[in-house]
Amino acid sequence: MIESIDWESAINTRRSTRSYTMESVEEAKMNLLKNFVSNMQLPYDHKVKVQFFKANPDKKLYSVFAAPPDNAAFIANTDTKSISSVGFVGELLILYATSLGLSTCWYGHYLLLELQHNMPQLGAEAENQNIKWGYGKQEAEGERAVCITPIGYWKSEGARIFDRMQESLISYKRKPISALLEADLKEEMLPSEILYAIDLARKAPSAANSQHWRFKVSHDFKVVSIAMPENYKHIKWEHPNVDVGICACHFWLGLVIKNVQSKVYLTEDEGRALWRFEL
């Protein structure tokens, strides 16, 4: 299935880090990360690629902090399903990195030209299309680096006041499960295994901590669907379906922890990624 680690602990301790030491990750840990990606077995078909790369801390890659030496890019096509799949696949790597004592941060507003300097295989789309941050909102032909993440060690003395406030006041805040259930479903009606998985899912990171996922559970508790509300538009973030994929990843891990077998389907519903778990 997937490597056995303390996934619950990784979910509970993972935080977005925006201040890093310029220390390279040890070779042994990088090999563990690469082996994890190579042997990752997921419950659905996907074409997301994870590529590790080195960054120059003296060059601007991330908009608000200096890049540590080690980083990873999540590369996929830019249709709705692929975008959401980036969240699912990428979060598994990020949680595994967390279990190794490493810090990360989901990031979509990277400086595209600098990323291309670090990853020449991406081509010259920024120069050709006059794109600066990320690849843009539109669906693009071929594969793109949808998001990237630093992989390194937290530098507490370099954290900005905003980042410290986010750590203590924002990152830990989560909506109650009752606010995330659709169709008048009550929390106390849910089987314990589903309730546990939803509790882990609601702890997923999202842009500006928007938590825009919603859970729909069939009357017989055999099907759970996860999607953002119809016609949802995030005020800032181009890819809210990435966040929904991250949420779906947490939910699936909750089922795995509870030894609940599931079939996982990813479809598109008018621009929304729709994750369906048949239990």
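The values are calculated or read from the model by the stated rules, or taken from the named source; none is laboratory data. Source: prediction; values computed, not measured. Note that each Cβ is placed from the backbone with ideal geometry, even for glycine, and that neighbours are counted across all protein chains shown.
Here the condition is being of a type in the set (Lys, Arg), over 26 Å from GLN261 (Cα atoms) and assigned to a loop (DSSP other than H, G, I, E, B); of LYS59, LYS34, LYS29, it holds for LYS59 alone.
What tally of residues in region 197-227 results from selecting those that are within 25 Å of SER16 (Cα to Cα), touching an Asp or Glu at 6+ places or on another chain (Cβ under 9 Å) and either without any contact (Cβ under 8 Å) to a residue 40 or more places away in the chain or surrounded by fewer than 20 Cβ atoms within 10 Å (Cβ to Cβ) (or both)? Residues meeting the conditions: 7. In region 31-51, how many residues are touching a residue at least 60 places away in the same chain (Cβ under 8 Å) and over 23 Å from LEU200 (Cα atoms)? Residues meeting the conditions: 3. Among the residues of region 63-75, is there at least one that is among the hydroxyl-bearing types (Ser, Thr, Tyr) and modelled with pLDDT of 95 or more? No, region 63-75 contains no residue that is among the hydroxyl-bearing types (Ser, Thr, Tyr) and modelled with pLDDT of 95 or more. Would you mind stating whether ASN12 is crowded, with 23+ Cβ neighbours inside 10 Å, in contact (Cβ under 8 Å) with a residue 40 or more places away in the chain and either on the phi > 0 side of the Ramachandran plot or of a type in the set (S, T, N, Q) (or both)? The answer is no for ASN12.
Does any residue of region 256-273 turn out to be under 22 Å from LYS173 (Cβ atoms) and modelled with pLDDT of 95 or more? The answer is no, given that none of the residues of region 256-273 is under 22 Å from LYS173 (Cβ atoms) and modelled with pLDDT of 95 or more. Answer yes or no as to whether SER38 is surrounded by 14 or more Cβ atoms within 10 Å (Cβ to Cβ) and at pLDDT 95 or above. For SER38, the condition - surrounded by 14 or more Cβ atoms within 10 Å (Cβ to Cβ) and at pLDDT 95 or above - is not met. Restricting attention to region 106-134 and to residues that are of a type in the set (D, E, K, R) and at pLDDT below 75, the residue that is surrounded by the most Cβ atoms within 10 Å (Cβ to Cβ) turns out to be GLU125.
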